Each structure stands twice: as structure tokens, then as C-alpha cells.
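Below: the structure, in C-alpha cells.
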Amino acid sequence: MNLIHSLQFLDPLQDQFSRFYSIATLVISVLFILWAFNLIVGMIQRTFSIGKAFGRFYRQFLHNYLRSALVSIFGLFKRRSSNSNQTI
């Protein structure tokens with residue numbers, strides 16, 4: 001028997017291996033896409049949670065102080081511009 005005749009017996013094995021390889025590549029690609037989607041959704045969820053926590057902290061502890069400070073600062077500018085208009 002020749003070596004070439006022996007290689008003919010390996011053709012079905014090569015076909016099976018190529019089918020397995022294509023299916024494995026498809027499965028790995030789908031798993032990678034699902035992993036990337038899960039990563040993106042997780043980052044969005046974490047960003048939302050951090051924003052919600054910061055907003056709650058700001059509203060409970062900082063909002064009143066910053067609001068009164070900004071109103072008084074803007075009030076100073078408003079009085080100065082109204083005083084300068086009255087003198088003209």
C-alpha cells in the first residue's frame with residue numbers, strides 16, 4: 001500500500017475536523033459577542049448606580065447650601081447692574 005492511498009482514508013477525518021472547527025469558531029464568536037454585550041450593559045448599570053448615588057448625596061446634603069450661595073451671588077450681580085442702570 002502506498003502512502004497516497006493511506007491519505008485517502010484521512011479525507012473523512014479532515015471533513016469532520018473542518019466541520020468541528022467551523023462550529024467551534026461560531027460558538028466562540030457568539031460567546032464573545034454575548035460577553036461584550038454583558039460588559040457594556042454592566043458598565044451602563046454601574047454608571048447609572050454611581051450617578052444615582054451621587055445625585056442622592058447632592059440632593060440631601062449639598063443642594064440647599066449651594067442653592068442659597070448661588071442665589072446670593074447672582075443677587076449681588078443683579079443689584080449692581082440695577083444700580084448702574086438707575087444712575088444713568
Would you look at the GNM of the chain, springs on alpha carbons closer than 10 Å, and say which of Leu76, Leu66, Leu39 moves the most?
Leu76
Give me the three principal axis extents of the range 1-73 from the C-alpha atoms, as integers in angstrom, largest value leading.
100, 18, 11
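Every number in this text was worked out from the coordinates using simple rules, so none of it is lab data. Computed from a predicted model, the values in this text were never measured in an experiment.
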